[in-house]
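The values are calculated or read from the model by the stated rules, or taken from the named source; none is laboratory data. Everything numeric in this text was worked out from a predicted model, so none of it was measured. Backbone-built Cβ (ideal geometry, glycine too); neighbour counts: all protein chains shown.
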Amino acid sequence: MKIKKTGIALAAALLLAAGCGKDSSAQYDAGAEALEAGNYAEARTQFEACISAGESLAQAYRGAGIACLRQQDYAQAETYLQQGLEELSSGNKSTRRDILFYLAQAQTQQGKIQEAEASYDQILSDGDNAQAYVLKGRLLLHSGDEAKAEDCFERAVKDCTDYDIYIDIFQAYNDVRRNADGTKYLEKALEIEQGTAEDNYQHGRVYYYLRDYENARECLSQAVTDGSREAMLLLGQVYLELDDASSARAMYQNYLTDEERAAEAYNGLALCDLAEGAYDSALENISQGLACRNISDEQKQNLLFNEIAAYEYKMDFATAETKAAAYVEQYPDDERAAREYIFLQNR
């Protein structure tokens, strides 16, 4: 079973929950908290109660739409998000843009390609937006319109110094097994001038995706020397790719003083344990990671996935199957985990 590495994923383009200021109700606040915690059923209940009471309507429809999206109820998500747009004041451009991003996602999940493309076009009607171009390009690429997709990607990277945009485009091409087309965007990212610890970290990220681990190690080591805490986590992954679990472990242990992403460091330590065959130690580190106060949903997901792997490596297939069943219920979009669960059921 393949394991999930520590989070080097791109920064999310959208926020799950956004408060509506001093006018928010207790029910809205409860919905926002549940949404942030990944409790989507409770979030939906609270936001729907706000809607029934006529409170904070634009934001409540938005929250209910996101909760439905996470529950894979895409048709209802689309309905709520459309209603949220209708409730917005004409001058609230930032929330309108945010809702349109989620609306496009709900439409894409239903195969409504033209409608999703139109939603991205609405975002772009307010001015160039690199993330909208990337997501529209990804949509077009998956629907087979490669020329229009490339045009979107080129517009996204014009005068762009945001490394995430280049990596997003690479991943879009990687999804359709066209790595060579995506690689050229990573190579463009390396043309961004370096000069700071952040630049060294970002170049290290790009080299990581290029699987050029030696150059990644060099850039990330310099970033760590210059004080980048972020680089420690990725450098740990690079060391694991270079089969140097000892150096990887040192990176993750050094990072544990930072509470904000301690869960990610514990996941890294668990990966070191798995690489060295110390499966009980891996489970202990996973347990400590799951107990962290500031754990994000992504970090929790990675830890829970690797917990399944640890039990498999221990040959405790019954526990692995139980853990996998709970995991796929909580994260139904993870296709790899779904396949693993089927494997465990059919052993």
Some residue of the range 303-313 being within 20 Å of LEU35 (Cβ to Cβ), surrounded by 14 or more Cβ atoms within 10 Å (Cβ to Cβ) and at pLDDT below 95: no
TYR80 being farther than 22 Å from GLN171 by Cβ, of a type outside the set (D, E, K, R) and at pLDDT 95 or above: yes
All helices (runs of 4 or more DSSP H) inside the range 61-136 with 2 or more residues being surrounded by fewer than 20 Cβ atoms within 10 Å (Cβ to Cβ) and hydroxyl-bearing (Ser, Thr, Tyr): 74-87, 93-109
Selection count where residues are of a type in the set (Lys, Arg) and either in a helix (DSSP H, G or I) or in contact with a Gly (Cβ under 8 Å, 6 or more places away or on another chain) (or both), scope the range 145-169: 2
Selected residue (only one of ARG177, ARG211 is at positive phi, out of contact with any Pro (no Cβ under 7 Å at 6 or more places or on another chain) and at pLDDT 95 or above): ARG211
Test for GLU260: is it of a type outside the set (Phe, Trp, Tyr), at pLDDT below 95 and either surrounded by fewer than 20 Cβ atoms within 10 Å (Cβ to Cβ) or over 22 Å from the mean Cα position of the chain (by Cα) (or both): yes
Residue satisfying all of: in the range 208-227; among the hydroxyl-bearing types (Ser, Thr, Tyr) and surrounded by fewer than 23 Cβ atoms within 10 Å (Cβ to Cβ); nearest to ILE167 (Cα to Cα) among these: TYR209
Enumeration of residues in the range 34-44 that are of a type outside the set (Asp, Glu) and either modelled with pLDDT under 95 or under 14 Å from ASP297 (Cβ atoms) (or both): ALA34, LEU35, ALA37, GLY38, ASN39, TYR40, ALA41, ALA43
